[in-house]
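The values are calculated or read from the model by the stated rules, or taken from the named source; none is laboratory data. Just so it is clear, the structure is predicted and the values come from calculations on it, not from any experiment. Virtual Cβ from ideal backbone geometry, glycine too; neighbours counted across all protein chains shown.
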Amino acid sequence: MSTSRQTVAVLFGGRSLEHDVSIVSGLQIVHALDPERFSPLPVYIDQSTRWWIGDSLWTTESFKRGGPDRSKLIEVTVSSGFGTSQLVPVGAVPGLSHPPVHVDCFVPVLHGTFGEDGCVQGVLELGGCAYVGCGVLASALGMNKRVTKVVAQQAGVPVVPWVSTPRAVLDRGSAWLKELPAQVAAALGWPVIVKPCNLGSSAGVSTAANAEELIAGVLKVFEYDTEALIEPFITNRLEINVAVAGLDEPVPSVTEMPVTSQASPLSFSEKYKKQGTKGVGTSEGMASALRILDPDALPLEMRQRAQRYATTVFAALGCEGISRIDFLINADTNQLFFNEINTLPGSLAFYLWSAAPHYWTITELLGRLIDRAERLQAMKRGLQRQPPAELRLLG
Amino acid sequence: MRSFWPWLPLLMLVQALLTWRRSLGYLRYFQQEGYEAIRFTKWANVRSLTDPAFWAATAAAMLAMWRPFVAATAFMVVGVVLALAQPDPRVSGKIPLRLTWRAVRVLVVSLVLSFALWLAVANTLVRADMQAPLLASAFLLALLPFVMILANLLLTPYEQNVQRRFEADAVRIVKTVKPQIIGITGSYGKSSSKSMLAHILQFDAPTLAATGSINTLMGVTRHIRENLMRGHKFMVVEMGAFKTGSIRRLCELTPPSAGLITAVGDMHLERFGSLDAIVTAKGELAEAIPPGGLLVVNADSPGALKIARKATHCRVLLYGETSSEALATRIEDIRFTKKGTTFTLRTAERAYQCFTPLLGRPIVLNLAGVFTLAIALGVSPDVAVAALRTLRPVSNRLEVVEEKGITWIRDAYNSNQFGFRAALEVAAALPVNRRFLATPGCIELGAQQFDVNRALSREASLVCDNTVVVADTNKEAFIAGHRDAGREARLVTVPNRAEAFRWIRDTIQDGDAVILENDLPDLYERSSGLFWREREQAS
C-alpha cells in the first residue's frame, strides 16, 4: 500500500429520515473514490449521532437487520484540536485502543437533518478539517426552503408564491384552523402543496384541495418539522433539475426531467425505491429512477435558463461541492420557477455529470472536489486568528 | 480399555454442534414465550421427539448393538448434515431470535447443563459400550427444551435482581421527568389506541408512546430508560394483563392520572380462567387512577362497563356506538371505502364529521375513546378531528393495499374474533369481484375456541368465495362452520402459510380481494422451520 494515498473519510447515515438513503449514497461514493490517489474510510453516523468506523461498513449488507454489530466497530469522534483533522476513538486507552486516524479530507454524504443542514459541517469546521460540499452557512440556508426562496428571489430568480406557518400555531388555540385556510385561499387559491420547510426527500409532502386537506397536510408536516410551507400546486406541471459543481467557478450539468413529474409529488418510496423491488438495498437505487436527460421536448432556451438560474442560486447561497437545483415549469404558461436546492443530492447526482457535455466520471469529479476542498480549508486555516495587540486584553 | 473411547471426542464434537444449533432453534420460541416455563412447556410438548436428530441417535444406538462403528459413523454424518440443514433462527422465521444478553445467558447455561447431562448419561451407561454416547445423545436431544427451562430457572434470581435495578432506575426517571401518564388497557385495541392517542396528543405537547405493543413491566421499564426525556409532557402506556396484579405493578412504575379501557372480553380466557378474573385484572387500572382523575370506558363492552360502575372515585366518561348508557361520545353513521372510514362523533356540544384512512368498526370505536380522552385532557376537538385524517394505517392491521389489480386486506396482526368480523365487514363493503380469506382462525379461547371459530367460519363462508384455513389448530371448527352454512365446497385446507399463499396466487384474478387474517406466530404452525428449511414464503 502506498503511503502517499490520502485518507478520505466518507460520512453517511445520520439522524435523519433519509438515514438509509444516505448509507446507499455514501457507499457508492466510498467505492467510487480513485484507489490510486485515495484510501477511503467509511464512517457511519448512527441515528443517535454516534460515529463509527470498522471493517464491516463497506457493504450495505451489514446495515440490514438492525444495523451493523456495534461490538465490532470503533466509536470515534472528530478531534477537537483545531487543524489536527483526526478521528479519535471514544474513551481511548493510550497504547491499547485503536490509534487516532488522520483524515486528509471528509466527504459528508448525509441527507437531511443534522447532516445536510450545517450541523456536521460545523463539527468539521471546529476541527479545522477539509470537507467536500457546502459550508455551514450555505448548508443551513439550503435546508430551509423558505429562506432559500427569499435568497433566490433577491438574486432575480423567479419562485412560486408561498405561505408558511410555524408549528407554534398549535400552542395558540384552534383559531388557526380557520384562519390559515382563509389566508391560503386568498393568497394562493386551491389546490396547494404542503411541505416541511426543513426536510429533504418527500416525507411529509401532500397536496390539498380544500381546508380540511390543508389542515391534515399541515399536521402531517408538524410531525416532522417546525415549519410548514404552502405553495400553489401547479396541476399541469413539469419538473426539471440541474446539478451545479463548485469547481473554479460554478459549472452547471445537463438538465434532467423525472418522468413521474406530471403525477403527484414523488412520494418517498417512489423517489428512492425501484418499483416492485427493494431498491434501497441496491447500489443503483436512485440513479435508475426513470428520468430523461436534456429533454429536447423543452425549448433549448428554457433549458439554458434553468442552467443559468441554477448557477445564480448556487452562487447566491455560497455553495460548494455538488448541489442539485430543482425547478418547476407551469406547462400552461411556460413559466420556470426555482423550487428547491439539495446541497447534498442523492448519489451526488453523478448521473448528470457522466452525460454530455462533461462526460466526467464520478471518480474524476470526486478527485477534483477533494482537491478544491483541501485548498479552501488550507486558505481558511491560513487566515489570521491571533488577536492583534489592541485585542489582547490579558497580556 | 473400552472400544468407544477413541470415538468419544468426535461424537462429542458432533453432539456439541447439534446441541448448539438445536438450542438456538428452541431459544427463539422460548424468547417468544417470554421465557415463561409453562407456556414454553405447552409449546415444546413432545416436539423434540419429532426431531430427526433424536431418531438418528436412537436408531444409531440400536444399530450399535451389532455394528458399533458403522452406527457411530452414520450418526456423525447424519448429525452434521442435520445440524447444517437447520435454518439459523437468528436470521430466519417471522420473528427471528434476538441474541440479547439474557438470551445469551440462557443459552450458555443451557449448553453447560446439556454437556453435563450428556456426560452423566454416557457415564451411567458406560457398560453399554458404543451405545452409551449414542443413547446419551438421544436422551439429550429429547430433553433439550426442558434443559433450557432448567437453565432459565437457575438464572431466575439473577434476572430478578437485574430487573429490579432497571425498574428502580425507570421509577427515578419518571419522577424526574414527571410526564402526565395515561394508561390504556383492554382485551383488544390497546396498541392501536395507544398509538392513535399519542398521535393526537403530539400536536398538543411532546408525547412519548412506545411503538409496537410493549405492555409488560420489563418492556415498559426498558422503554422508559431508553426514551423518556425531559420535556415529555404526556406518556401513553399500554398495560397488558397477563395475570391478576400485573397492571397494578405497572401502575406502580408508571402511575396514571388518566386511563382508557378499550374493551373487556374473553380474550386470553385460557390464562385467566373466568371473565370475572379478567374484569378484576383490567380493573386494576381504574383503581390506580387517583381521586379526581379521569377514566374513559367503552360502554359497548359489558365487561368494561362493570369496571366503570365500580370506579366512583374518579371522573368517568363513556363512549360507544350501541350502548344505551348516557355517553360522552357516541359514534354514528359509519361508512367504509377503500380509502378509509367516514363517521360522526356526537358529543354533548355538537356532532363532528370525521374521516380516517384507517378501516374497521373496532378502530372507529377506539378512535371515539381516544377522542374523548384527548379532548378531556384539553386538546381542541377541531385539532383532534383534523388529526384523525392524518393517522396512518398500521401495516397488517386491517390495512387495505391495492397491488396489481388485487385488493389485499391485510389483518395478519389481529388475533381476536372481533377484529376478524371487522375485516369480513370491511371486505363485504368494498366493491370487488371475488373475496378470499386465508386464516388459521383464532386461538387462546379456552373451551370456547371450537365454537368461536365455527361461528367465524360460518360468517366467512357468507362473505368469501373461498376460505383457506391454515394448519390443524382450528381446521375441524372451520369445516364444521362451513358445513353449518351448507358451503363445505368453499373451504380449502392447507398445512402452512406457504401453501396458503401458493393456493391464493394460483387462484386470484384482477378485481379480487384477499383477506389475510390472524397470521399466527410460528409457534402454532404444523411445520415451522425449526429443524429444516422451509420453501421460500410469498409476501
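For the reader, a short list of remarks on this structure follows.
- Residues (within 14 Å of chain A (Cβ to nearest Cβ) and either in contact (Cβ under 8 Å) with a residue 60 or more places away in the chain or in a loop (DSSP other than H, G, I, E, B) (or both)) located in region B:183-208: B:Ser195, B:Met196, B:His199, B:Ile200, B:Leu201, B:Gln202, B:Phe203, B:Asp204, B:Ala205, B:Pro206
- If only residues of region A:26-49 that are small (Gly, Ala, Ser) and in a helix (DSSP H, G or I) are counted, the one that is surrounded by the fewest Cβ atoms within 10 Å (Cβ to Cβ) is A:Ala32.
- Selected residue [more than 14 Å from every other protein chain (Cβ to nearest Cβ), out of contact with any helix residue (DSSP H, G or I) (no Cβ under 6 Å at 6 or more places or on another chain) and more than 29 Å from A:Asp69 (Cα to Cα)] from B:Val126, B:Val121, B:Val112, B:Val77: B:Val77
- Here B:Val14 passes the criteria (1) closer than 29 Å to B:Arg127 by Cβ; (2) under 24 Å from the mean Cα position of the chain (by Cα); (3) aliphatic (A, V, I, L, M) except the one numbered (2).
- Each residue in region A:50-87 was checked for being surrounded by fewer than 20 Cβ atoms within 10 Å (Cβ to Cβ) and part of a strand (DSSP E or B), and 5 pass.
- Count of region B:362-382 residues which are surrounded by fewer than 24 Cβ atoms within 10 Å (Cβ to Cβ) and within 18 Å of B:Ala258 (Cβ to Cβ): 7
- Residue selected from region B:455-492 under the condition in contact with a His (Cβ under 9 Å, 6 or more places away or on another chain) and not in a strand (DSSP E or B), by the criterion surrounded by the most Cβ atoms within 10 Å (Cβ to Cβ): B:Ala460
- Here region B:230-269 is the region considered, the condition is being at pLDDT 85 or above and of a type in the set (D, E, K, R), and the residue that is surrounded by the most Cβ atoms within 10 Å (Cβ to Cβ) is B:Glu238.
- Residues satisfying the stated conditions in region B:324-372, i.e. touching a Cys at 6+ places or on another chain (Cβ under 8 Å), closer than 21 Å to B:Val400 by Cα and either part of a helix (DSSP H, G or I) or away from chain A (no Cβ under 14 Å) (or both): B:Phe343, B:Leu367
- Every condition in (1) out of contact with any strand residue (DSSP E or B) (no Cβ under 6 Å at 6 or more places or on another chain); (2) in contact (Cβ under 8 Å) with a residue 12 or more places away in the chain; (3) farther than 20 Å from A:Gly127 by Cβ is met by A:Ala355 except one, and the failing one is (1).
- For the residues A:Ser56, A:Ser16, the requirement of being in contact with a Phe, Trp or Tyr (Cβ under 8 Å, 6 or more places away or on another chain), over 19 Å from A:Gln86 (Cα atoms) and either hydroxyl-bearing (Ser, Thr, Tyr) or touching a residue at least 12 places away in the same chain (Cβ under 8 Å) (or both) singles out A:Ser16.
- Wholly enclosed strands (runs of 3 or more DSSP E) of region A:136-236 bearing at least 2 residues within 14 Å of another protein chain (Cβ to nearest Cβ) and buried (at least 20 other Cβ atoms within 10 Å of the Cβ): A:192-196, A:206-208
- Hits in region B:21-46 (condition: loosely packed, with under 15 Cβ neighbours inside 10 Å and in a helix (DSSP H, G or I)): B:Ile38, B:Thr41, B:Lys42
- Residues in region B:209-238 that are touching a residue at least 40 places away in the same chain (Cβ under 8 Å), charged (D, E, K, R) and more than 19 Å from B:Ile261 (Cα to Cα): B:Arg222, B:Arg225, B:Arg230, B:Lys233.
- Test: residue in region B:105-125 that is under 28 Å from B:Val236 (Cα atoms) and part of a helix (DSSP H, G or I): no
- B:Val432 vs. criteria assigned to a loop (DSSP other than H, G, I, E, B), more than 23 Å from the chain's Cα centre (by Cα) and within 14 Å of another protein chain (Cβ to nearest Cβ): no
- Scanning region B:459-473 for residues that are among the charged types (D, E, K, R) and over 17 Å from B:Phe418 (Cα atoms) yields B:Asp465, B:Asp472.
- Of the numbered criteria (1) surrounded by 16 or more Cβ atoms within 10 Å (Cβ to Cβ); (2) under 20 Å from B:Ala83 (Cβ atoms), the one B:Ala132 fails is (2).
- Residues being of a type in the set (A, V, I, L, M), outside any loop (DSSP other than H, G, I, E, B) and buried (at least 18 other Cβ atoms within 10 Å of the Cβ) - total across region B:407-429: 6
- Single match in A:Ser283, A:Ser264, A:Ser269 (criterion: modelled with pLDDT under 95, surrounded by fewer than 18 Cβ atoms within 10 Å (Cβ to Cβ) and part of a helix (DSSP H, G or I)): A:Ser269
- Hits in region B:318-343 - residues which are more than 31 Å from the chain's Cα centre (by Cα) and surrounded by fewer than 14 Cβ atoms within 10 Å (Cβ to Cβ): B:Ser324, B:Ala326, B:Glu332, B:Asp333
- Identity of the residue in region B:87-108, closer than 28 Å to B:Tyr413 by Cβ and at pLDDT 90 or above, that ends up farthest from the chain's Cα centre (by Cα): B:Val106
- Each residue in region B:298-310 was checked for being part of a strand (DSSP E or B) and over 24 Å from the mean Cα position of the chain (by Cα), and 0 of them qualify.
- Checked against (1) of a type in the set (Val, Ile, Thr); (2) within 14 Å of chain A (Cβ to nearest Cβ); (3) over 30 Å from A:Arg172 (Cβ atoms); (4) in contact with a helix residue (DSSP H, G or I) (Cβ under 7 Å, 6 or more places away or on another chain), B:Ile375 passes all but condition (3).
- Test: B:Ala83 is in a helix (DSSP H, G or I) and either in contact with a helix residue (DSSP H, G or I) (Cβ under 6 Å, 6 or more places away or on another chain) or within 30 Å of B:Glu36 (Cβ to Cβ) (or both): yes
- Restricting B:Gln32, B:Gln15 to residues that are in contact with a Phe, Trp or Tyr (Cβ under 8 Å, 6 or more places away or on another chain) and in contact (Cβ under 8 Å) with a residue 60 or more places away in the chain narrows the list to B:Gln15.
- Qualifying residue in region A:88-98 (condition: under 21 Å from A:Glu125 (Cβ atoms) and at pLDDT below 90): yes
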